[in-house]
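These notes concern the structure reproduced below.
The values are calculated or read from the model by the stated rules, or taken from the named source; none is laboratory data. Just so we're clear, the structure is a prediction, and the values are computed from it rather than from any experiment. Cβ placement follows ideal geometry from the backbone for every residue including glycine, while neighbour counts extend to all protein chains displayed. Please note that ligands, DNA and RNA were not included when accessible areas were found on the heavy atoms of the full protein model with its side chains. Shrake-Rupley method; radii C 1.70, N 1.55, O 1.52, S 1.80 Å.
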Amino acid sequence: QVVLPVFLSGAVQLPGGGCSMHLFEPRYRLLAQRALDGSGDFAMVWARGGSGFPVTVDPASLAGVSACVAHIERYRETHDGRWNLICKGLSVAKITECWVEDGTGELYMARLEVEPARKEEPEEEEDDDAEG
């Protein structure tokens, strides 16, 4: 199991898919910094049932929910502390526990069981000479 910061999303992120993000909320500025101080990974979860701005959900409601572990491939911090990120989904994970960390401006953290990344199967070449 791993513990990662969580991005509450209005969309579903899938392994292998890319996304660009502009992070300006204090909790997500912290998410970027923590991810980059570590492996570059964070969890992205569809905040179904989330409300308000910034989006909030009951952390306990995320236990058992699937998330995507995303990796920051490229980044740039602006002069005022915002982040521009290029990310890629790595693998599916199941949230086993989720909480809001005190003193972080509502940064959600989660303990996750990460599924092994699926290897892409090589495409079979067609034989133009084959009869059939």
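Observations
- Accessible area per residue for the chain is 63 Å², calculated with a 1.4 Å probe on protein heavy atoms, without ligands, DNA or RNA.
- Angle of helix 26-37 to the longest C-alpha principal axis of the chain, folded into 0 to 90 degrees and rounded to 10: 50°.
- Comparing L30, G17, L90 along the charge dipole axis of the chain, the residue lying farthest to the positive side is L30, per the Cβ-charge model.
- Under 5 Å, built H, 5+ apart or other chain: amide partners of L107: E101
- Mean projected area of the convex hull spanned by the Cα atoms of the chain, taken over all viewing directions: 11.0 nm².
- Here the Karplus curve 6.51 cos²θ - 1.76 cosθ + 1.60, taken at θ = phi - 60°, turns the phi angles of segment 64-79 into couplings of x, 7, 7, 9, 10, 7, 10, 10, 7, 8, 9, 7, 8, 9, 7, 4 Hz, with x standing for Gly and Pro.
- For F7, the amide hydrogen comes within under 5 Å of the amide hydrogens of A43, M44, V45, counting only partners 5 or more places away or on other chains and with H modelled in the peptide plane.
- The amide H of L90, built 1.01 Å from its N in the peptide plane, has G16, V69, A70, H71 as neighbours under 5 Å, considering only residues 5 or more places off or on other chains.
- The charge dipole of the chain, taken about its Cα centre with unit charges on the Cβ atoms of Lys, Arg (+1), Asp and Glu (-1) only, comes to about 1260 debye.
- Surface composition of the chain: carbon plus sulfur atoms hold 48% of the accessible area, using a 1.4 angstrom probe and ignoring ligands, DNA and RNA.
- Here the extension length gained between R74 and A11 equals 20.6 nm, from 0.36 nm per residue of separation less the Cα-Cα distance.
- Whole-Hz Karplus values for segment 42-50 come out as 8, 9, 10, 10, 6, 7, 4, x, x Hz, taken residue by residue from phi with 6.51 cos²θ - 1.76 cosθ + 1.60 and θ = phi - 60°; glycine and proline positions read x.
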